[in-house]
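Below is one structure, written out as structure tokens, with a few remarks after it.
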Amino acid sequence: MSSFDLLNIEAYNPARESGYADPPARMGFFTDTSLCIGCKACEVACKEWNSVPEDGLDLTGMSFDNTQTLDANSWRHVAFIEQRKPMRFTDALAPAAPEGARTGAIPATQAGENGDFRWLMASDVCKHCTHAACLDVCPTGALFRTEFGTVVVQEDVCNGCGYCVPACPYGVIDVREGDGRAFKCTMCYDRLQGGLEPACAKACPTDSIQFGELDELRARAGERVEQLHAAGVTDARLYGEDPRDGVGGDGAFFLLLDDPEVYGLPPDPVVTTRDLAAMWRHAGAAAVGLVAATAAAFLGSRA
Ligand code: SF4
Ligand code: SF4
Ligand code: SF4
């Protein structure tokens, strides 16, 4: 069955498509940026757990964002976006805390009303796409789909060819300078196998990063958008949660408070390998036509 010819998109499980006969529920991230306070605990926890080398500070003089982008040494990137725009966000908008959850998490930067400045903060990460072009183009099998539906790169198999880098529609995966191999978020595969939540979600003090079964996260995110709209935050919208989008939906999706472009995200991402089969068919037809024309010309000249 083709990945792009699916009768039941909602129930599609990429792990089953990858050969797992009876995979567990697909796991993912819902990152609610309306709750992010920019503390960067997620970035630090990721580096700590996964032994990711330090990346230095990238100071532009234009922003408090000193990581700038996802790369081989930054598997989470907390974006700081400074905007002159009123932000109406009151304590009443804080989500109901689940039983036993951390409480008192009202983002300081989003408190207050009718200011003329706001910070948008968002912890970006690999999207663990349903149709992952990085995985499609990898010639060594270093990139693979896990039983949880996530996409992982194995550093001991990667040969550093770099094909995956331009294939990613989000510019996530990157080759590490001085090392030559490609790296990105693994959704802490080792922790998932041990029944633990990923390090970044564990460290997030406001539950901006929520980890769980993807179906549940999508339902929770829909309710959160309704809650924000009812409270007047009409710009709130989901990004990457729709299984009908150009990548079949993301395993890591977001609640944003402005257009995706404002956060440096492509507004309409499409898996870059979508048209490969058709391209090869056309190339094959062209090659056959060329051979036939050459043969006809040769035979004609001998007649
Ligand atoms: S976001 Fe990029 S690196 Fe991550 S799974 Fe999708 S294509 Fe691969
Ligand atoms: S899931 Fe793990 S590897 Fe991915 S960003 Fe979070 S801490 Fe890093
Ligand atoms: S996502 Fe959570 S841990 Fe990361 S910067 Fe925002 S509040 Fe802090």
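Read-outs throughout are calculated quantities, based only on the coordinates presented, and are distinct from any laboratory measurement. The structure displayed is predicted, hence computed values, not measured ones. All Cβ positions, even for glycine, are placed from backbone atoms using ideal geometry, and neighbour counts span all protein chains on display.
Place the peptides 25-33, 73-81 in order of packing, highest mean first, counting for every residue the other Cβ atoms within 10 Å and averaging per peptide.
25-33, 73-81
For region 146-158, just list the computed ³J(HN,Hα) in residue order, Karplus coefficients 6.51, -1.76 and 1.60, θ = phi - 60°, integers in Hz, with x standing in for Gly and Pro.
Result, ordered by residue: 8, 5, 8, x, 8, 10, 10, 10, 9, 5, 7, 10, 4 Hz.
Stretched out fully, how many nm does the piece from Val44 to Val288 gain, at 0.36 nm a residue minus the Cα gap?
Here the answer is 82.3 nm.
Where a Cα-Cα gap under 18 Å defines reach, which lysines qualify for Lys184, not counting those fewer than 8 residues away within the same chain?
Lys40, Lys47, Lys127
Going by amide H atoms built from the backbone, whose H comes under 5 Å of the H on Asp124, apart from near neighbours?
Hits under the 5 Å cutoff: His77, Val78, Ala79.
Residue separation times 0.36 nm, minus the C-alpha to C-alpha distance between Lys85 and Ala297: what's the value?
Difference between extended and current length: 69.4 nm.
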